[in-house]
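Each remark here refers to the structure printed beneath this line.
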Amino acid sequence: NGDTRDYGYAYDGVCMYGLGDAGWLWSFDQFGRTNCAAPPVTCSDAVAIDRGQAAKLLVENFPITLDTTGAPNFGDVPLNYLPEEPYIDTLWNAGITSGCSAGSPPNFCPTYALTRGAYIVWVVKAYGWPLINPPVPYFTDVPTTHPFYQHIETAKAHGIISGIPNGDGTFKFEPDRT
């Protein structure tokens with residue numbers, strides 16, 4: 001894919017690399033630590049990323065055009081309040097996020113840590129991949145009833161997530177971890 005940028009981000013032990021053409025290379029060692037196999041990636045374990053930072057990272061590294069139409073779209077992200085505000089509004093306008101709470105307008109919670117499951121939803125939507133719905137889950141902690149099940153399974157099918165070994169030949173994803 002030619003994308004060799006090193007973002008230097010780690011998200012809860014998950015290496016974010018090449019958010020452009022090929023998606024992320026995610027893998028874990030047996031201790032749940034980042035094990036990024038494709039150089040020149042440099043990741044540190046457990047460096048949290050908040051929802052605002054994640055919005056900026058996603059928009060800057062996917063073919064998503066900044067679009068602040070209708071801004072502010074979230075009650076807790078007023079115009080020019082945060083440097084990430086244009087990226088947050090862009091995700092709204094692209095249909096990638098509806099925020100973290102219902103209401104009129106909804107909130108985005110830009111300083112809250114983003115869960116792994118929620119970010120996978122954003123990534124799958126950014127790629128525009130059709131959702132799959134396999135009858136049997138790949139990850140032991142993501143049942144078919146989980147709200148992000150189809151997005152997580154779609155990301156797995158496209159090879160951008162691999163999971164954390166359970167030690168018995170199965171894998172977990174921990175979608176609610178931050």
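The values are calculated or read from the model by the stated rules, or taken from the named source; none is laboratory data. Not measured: the values here are computed from a predicted model. Every residue, glycine among them, receives a Cβ derived from its backbone with ideal geometry; neighbour counts consider all protein chains shown. These area figures cover heavy atoms from the full protein model, side chains too; ligands, DNA and RNA do not enter into them. Shrake-Rupley method; radii C 1.70, N 1.55, O 1.52, S 1.80 Å.
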Positive minus negative residues near I132 (Lys, Arg vs Asp, Glu; Cβ under 13 Å): 0
23 Å Cα-Cα reach of K156 towards lysines, excluding residues that sit fewer than 8 places from it in its own chain: K125, K172
Area accessible to solvent at T140, 1.4 Å probe radius, in Å²: 90 Å²
Linear extension gain, E60 paired with I132, 0.36 nm per residue minus alpha-carbon span: 23.3 nm
Two-site label geometry, T144 and Y112: point separation in nm, points 7 Å out along Cα→Cβ: 2.9 nm
Accessible area per residue in Å² at 1.4 Å probe, computed on segment 44-178: 48 Å²
Accessible-area composition of segment 40-178, carbon plus sulfur, in percent [1.4 Å probe]: 54 percent
Packing rank of 87-93, 115-121, 146-152, 127-133, where each peptide gets the mean count of other beta carbons within 10 Å, highest leading: 87-93, 115-121, 146-152, 127-133
Estimated dipole of segment 55-121 in Debye, rounded to 20 [Cβ of Lys and Arg +1, of Asp and Glu -1, Cα centre]: 200 debye
Among P135, G99, T68 the positive-end extreme of the charge dipole of segment 49-160 (Cβ point charges): P135
